[in-house]
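Just so it is clear, none of the values below were taken in a lab; they were calculated from the coordinates. Because the structure is a prediction, the values reported are computed rather than measured. We place every Cβ from the backbone using ideal geometry, glycine too, and count neighbours over all the protein chains shown.
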Amino acid sequence: DDPQQEVIDPYKIMRKSLDLMKPSIPSTITIWEDLDQTAGAIFADPVQTETVLINLITNAAAAMEGDIGTIKVGLSRAEPEQQGSAPTDDKNFIKMTVSDNGPGMAEEVRERIFDPFFTTKKVGEGTGLGLSMSHGIVQRHGGHIDVESAPGLGTTFEIYLPIFYAPDAANAAPG
């Protein structure tokens, strides 16, 4: 599906995603939030953006396999030197972060996580499409995803999406 893009507040999308997910997260897992309400607007499909966040939060919870753990969810403006690995064409981005202190991933797993149908779950527990789909959604919105993970060190996903500036905002008179 083509994204139905509109100017959205990523804080509201993250808030809604968290509110939807919290009831299904085991009580042994703490969700820690660091959400900047003033990070900026993005031009994105709200449903697809929510889908990406829900996929990442679901995976973070599943990675802990019922153990005690923490999922950290963050929203901030990414300064140019903090915009991850992809070339950014001097765009300004917001950064949405989902990290967990679960078991982490080996390099050979991390390299394949965005491949369609790749999964480390048992048969019947997952399709291996969530991360592949999330990666495609972010790319179609002009962004990119970085992943940091190592065995025993948890996993961090950073989603970068371009900040939307109203075309006439720069020329508007102050006040």
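Computed from the C-beta positions of LEU20 and PHE43, the FRET efficiency with R₀ = 25 Å rounds to 0.65. Taken one residue at a time, the phi angles of the range 18-25 give Karplus couplings (6.51, -1.76, 1.60, θ = phi - 60°) of 5, 4, 5, 7, 3, x, 9, 7 Hz. Gly and Pro are set to x. For LYS91 and SER27, what is the calculated FRET efficiency with R₀ set at 35 Å and r taken between the beta-carbons, to the nearest 0.05? With R0 = 35 Å, the Cβ-Cβ based efficiency is 0.30.
Fully extending the segment from VAL109 to GLU6 would add 33.6 nm, taking 0.36 nm per residue of separation and subtracting the current Cα-Cα distance.
Extending 7 Å from Cα along the Cβ direction at ASP36 and again at MET133 yields two label points whose distance is 3.0 nm.
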